[in-house]
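To start, the structure itself, in structure tokens.
The values are calculated or read from the model by the stated rules, or taken from the named source; none is laboratory data. If you're wondering where the values come from, they're calculated on a predicted model, not measured in any experiment. Neighbour counts are summed over all protein chains in view; Cβ atoms, including those assigned to glycine, are modelled from backbone coordinates with ideal geometry. Accessible surface areas use protein heavy atoms only, side chains included; no ligands, DNA or RNA. Shrake-Rupley method; radii C 1.70, N 1.55, O 1.52, S 1.80 Å.
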Amino acid sequence: MPAMPDSPPFDPARMAADDPPPFSIHNREGRPRFLLTCDHASHAVPRHMAGLGLAEDDLSRHIGWDIGAAEMTQHVAAELDAPAYFAGYSRLVIDCNRPLSSPTSIPELSDGTQIPANQAVSAHEAAARAESLYWPYHRQIAGALDRLIASGEIPIFVALHSFTPRMTDGEARPWHVGLLFEHDRRLVAPLRAALSALVSDICIGENEPYAIIGPTDYSIPEHGPNRGLPHIEIEVRQDLIDTPDGARLWAGRIAEALETVHHSEQPFEILTLVKHDT
Ligand SMILES: [Zn+2]
């Protein structure tokens, strides 16, 4: 199905002065013990793309971004005095946590909603979206990590996300927090212990509600394991962080747990377990 006339293709020449930048950095000069990312921070769409042909209500649902994640990440960055990198556009424009080869890099369908502007996107347009909105974000992160490693630091790479309280079929997800990792489990048990000490009835999933599998994810495999850095993806249930108070509360808990783990698990080493060709 060709793109509908009310959802123009991406054209870098039509980016406007008031379109947001492809990424933003919070606390850039913070202490680099941690480097935080928020791939799904925004539901922005370049203005000339007319909302991808979707209603604003659809873009601001969970299909467009991770509800609460950006605000939570800002608080975690502030609590830890750590730099945090935020992708500037909706995952429906191009998903910054997918390899470009993934069929959901530019999703035609998301949780049952057809995305008009993403039907039959040409290779030329997909490459333009990647060059303008995906690579600038990832190059910044990669450059920062490589400089830190070269200077002798071993930062903990932390990717922050949120997940919906229910599956598409309505089944409730019981976890408050998911700890996601690939093969390197260094941070998993210490983080579980630290969070459980802070929140008595917390339900923590390991590789729930998703598992990180190299070909389907980008940020963790590329920036964490491929550099041998200690890393974790932390997913928080959206209904816990969809208010300013909730985002601040859970950010405080996550920051305190990360601080505890950083303190107790030193020294970290570069562990090259698996090299992915992402
Ligand atoms: Zn996410």
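Of the residues making up the stretch 39-61, those that are open to solvent by 30 Å² or more (accessible area, probe 1.4 Å) and within 16 Å of the ligand (Cβ to nearest atom) are His43, Ser60, Arg61. Ala255 fulfils the conditions (1) surrounded by fewer than 24 Cβ atoms within 10 Å (Cβ to Cβ); (2) within 16 Å of the ligand (Cβ to nearest atom) except for a single criterion, (2).
Every test in (1) open to solvent by 10 Å² or more (accessible area, probe 1.4 Å); (2) within 16 Å of the ligand (Cβ to nearest atom); (3) not in a helix (DSSP H, G or I) is passed by Asp239 save one, and that test is (3). Tallying residues that are open to solvent by 30 Å² or more (accessible area, probe 1.4 Å), of a type in the set (A, V, I, L, M) and either within 15 Å of the ligand (Cβ to nearest atom) or part of a loop (DSSP other than H, G, I, E, B) (or both) within the stretch 155-196 yields 1.
Kindly evaluate Ser90 against the criterion of being more than 16 Å from the ligand (Cβ to nearest atom), out of contact with any Pro (no Cβ under 7 Å at 6 or more places or on another chain) and in contact (Cβ under 8 Å) with a residue 40 or more places away in the chain. Answer is no for this residue.
Considering only the stretch 93-107, I want to know if a residue exists there that is basic (Lys, Arg) and either more than 30 Å from Arg253 (Cβ to Cβ) or not in a loop (DSSP other than H, G, I, E, B) (or both). The answer is no, given that none of the residues of the stretch 93-107 is basic (Lys, Arg) and either more than 30 Å from Arg253 (Cβ to Cβ) or not in a loop (DSSP other than H, G, I, E, B) (or both).
Kindly indicate the residue of the stretch 197-210 that is free of Cβ contacts under 8 Å to residues at least 40 places away in the same chain and part of a loop (DSSP other than H, G, I, E, B) and also farthest from the ligand (Cβ to nearest atom) among those meeting that condition. Checked the stretch 197-210; the qualifying residue farthest from the ligand (Cβ to nearest atom) is Ser200. For residues that are modelled with pLDDT under 95 and touching a Lys or Arg at 6+ places or on another chain (Cβ under 9 Å), scanning just the stretch 197-210, find the one that is least open to solvent (accessible area, probe 1.4 Å). Ranking the candidates gives Pro209 first. Filtering Arg185, Arg166 for residues that are touching a Lys or Arg at 6+ places or on another chain (Cβ under 8 Å) and without any contact (Cβ under 8 Å) to a residue 60 or more places away in the chain leaves a single hit, Arg166. Condition first: under 30 Å from Phe268 (Cβ atoms) and aliphatic (A, V, I, L, M). Now tell me which residues in the stretch 5-59 satisfy that. Within the stretch 5-59, Ile25, Leu35, Leu36, Ala41 meet the criteria.
Scanning the stretch 119-141 for residues that are open to solvent by less than 20 Å² (accessible area, probe 1.4 Å) and under 17 Å from Ala84 (Cα atoms) yields a count of 4. Set side by side, the residues Pro9, Pro21 differ, and just one is of a type outside the set (Asp, Glu), away from the ligand (no atom under 16 Å from the Cβ), farther than 30 Å from Ser151 by Cβ and assigned to a loop (DSSP other than H, G, I, E, B), which is Pro9. Determine whether the stretch 3-15 contains at least one residue that is modelled with pLDDT of 95 or more and within 21 Å of the chain's Cα centre (by Cα). No, the conditions are met nowhere in the stretch 3-15. Residues in the stretch 173-188 include none that are more than 22 Å from the chain's Cα centre (by Cα) and not basic (Lys, Arg).
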